[in-house]
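The structure appears below as structure tokens.
The values are calculated or read from the model by the stated rules, or taken from the named source; none is laboratory data. What you are looking at is a predicted structure, and each value in this text was computed from that prediction instead of being measured. Reconstructed Cβ throughout: ideal geometry from the backbone, glycine too, with neighbour counts over all protein chains shown.
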Amino acid sequence: MTNPDAKPISLALTRLGALTCRCIVPLWVLIGAAFKLWERNPSLLPAPVLDTVRLGEGVLGLSGTAWFDLAIRLIVGIEVALAMIMVFMPRAARPAAAAILLVFCGVLLGVIVPLWSRDGFAAVLKGSCGCLGGWSPNPLVMLTIDGAMLLSVIKFGRVAAGAPSSRTSSAAGPSAANVSWRHGWQRTLTAVLLLEALVFAAPAPATKPSGDGGNGQSLTDTTPTPPVLPAGIWPGPPAQIEQFYVPEFETWVGKSIIEQDFARLITPAPPADFLTGDWILIFYRKDCDHCEAMLAERFSDSLAIRTLAVAIPDTDPAAALEMPCIECQLASMMPDVQYVVGTPILLRLKNGVVTCAVTDSENSAKLDECLAP
């Protein structure tokens, strides 16, 4: 005997599945894509995504700002294309929605697990997933949202995906279904091309003149010939300031510190004798637990080597921690620039040349090596 309530329930599930796969998920994806495109700040990307982008640097002959800008546009472009497939192609909506939500959940787990194992559950609750740029919630909240949508797609999306095709085949035959599929592809391709044009037509990150180079010379003139400075003189900031910097500190070893545009953004200029003798250079954030721990353990007593601690300014002043190093000379990085770098970073310099670099403050052996007299 047929249950009279079965048909309304089935219809409700079909509508819920269609709403999830063809409206809710694509809208959610487009919101995240819009935030990424608007801010285009690689430091806000989830750590696993940023690490993957770093691996691709140089593949297309691009590096630094040019590569990271292109990478963010490509990520946004892929998300836009999948969203349009969900909207305009009913039979492809469910697999497209499931695929992108699986990726989102995998990325979030890649953020949560290392953070939890290293700093505990409280750090996860205080963290940011990076999925919505600067407006992102903590990764656990985002995983709950994405996971709920994924379960809805798996549970109810099958009903919605199967219902149209069965109605079409019974009422109008396979040819009508093929026509509908072809029209869906045409609408999808049109929408994707229009939206991708907007994604890649957005203005590129602009550089800005740095103004005074710190030695009295104006650097607003961008002629390619730099001034020749005497040895041991700090050159000041580069002529053009990029929107963001993504330094690879390990590649600095064996090179002069003044060759690195990132280091030249230190303000005010380092001490006059910074390029002579032994120095320790630390990049830290004032609200960074790991920075405070390293400074307290290694630099709270009398210093055997002169030390310059440079604060990266993209922090919350209300969360600032006490500076344990009393003898450290202090400086900051230039404001209004995006610094895509984890902290703390420790560099050992000899006559201005980087001889050792530590990017993992928990690597005690490497710290001992760099700090050895």
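For the structure I just gave you, tell me whether residue 9 is among the β-branched types (Val, Ile, Thr), under 27 Å from residue 109 (Cα atoms) and either assigned to a helix (DSSP H, G or I) or at pLDDT 80 or above (or both).
no
So, in the range 251-270, exactly how many residues are in contact (Cβ under 8 Å) with a residue 40 or more places away in the chain, over 24 Å from residue 315 (Cβ atoms) and either of a type outside the set (Val, Ile, Thr) or buried (at least 21 other Cβ atoms within 10 Å of the Cβ) (or both)?
Total satisfying the criteria: 3.
Let's see how each residue does on (1) modelled with pLDDT of 90 or more; (2) within 29 Å of residue 201 (Cα to Cα):
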position	(1), (2)
66	no, yes
82	yes, yes
89	no, yes
110	yes, no
113	yes, no
117	no, no
124	no, no
133	no, yes
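Filter the range 132-158 down to residues that are in a helix (DSSP H, G or I) and of a type in the set (Gly, Ala, Ser) and give me whichever is farthest from residue 27 (Cα to Cα).
Only one residue tops the list, namely 134.
What is the residue count in the range 332-373 for residues that are small (Gly, Ala, Ser), touching a strand residue (DSSP E or B) at 6+ places or on another chain (Cβ under 8 Å) and surrounded by fewer than 18 Cβ atoms within 10 Å (Cβ to Cβ)?
Adding up the residues that qualify gives 1.
I need the full set of residues from the range 285-324 which are more than 30 Å from the chain's Cα centre (by Cα), part of a loop (DSSP other than H, G, I, E, B) and touching a residue at least 12 places away in the same chain (Cβ under 8 Å), in order please.
Hits for the range 285-324 are 299, 300, 302, 303, 304, 305.
Are any residues in the range 323-373 touching a His at 6+ places or on another chain (Cβ under 9 Å) and within 19 Å of residue 279 (Cα to Cα), and if so, which ones?
Hits for the range 323-373 are 343, 344, 361.
In the range 169-177, is there at least one residue being within 20 Å of residue 85 (Cα to Cα), assigned to a helix (DSSP H, G or I) and at pLDDT below 65?
The initial filter retains those residues of the range 169-177 that are within 20 Å of residue 85 (Cα to Cα), namely 176-177.
Those left that are additionally assigned to a helix (DSSP H, G or I): 176-177.
Adding the requirement that they be at pLDDT below 65 leaves 176-177.
Yes, because at least one residue in the range 169-177 is within 20 Å of residue 85 (Cα to Cα), assigned to a helix (DSSP H, G or I) and at pLDDT below 65.
Mind listing whichever residues of the range 325-335 are within 25 Å of the chain's Cα centre (by Cα) and either over 24 Å from residue 241 (Cβ atoms) or outside any loop (DSSP other than H, G, I, E, B) (or both)? Even if it seems obvious, please write down each step before you answer.
Of the range 325-335, the ones within 25 Å of the chain's Cα centre (by Cα) are 332-335.
Those that are within 25 Å of the chain's Cα centre (by Cα) and either over 24 Å from residue 241 (Cβ atoms) or outside any loop (DSSP other than H, G, I, E, B) (or both): 332, 333.
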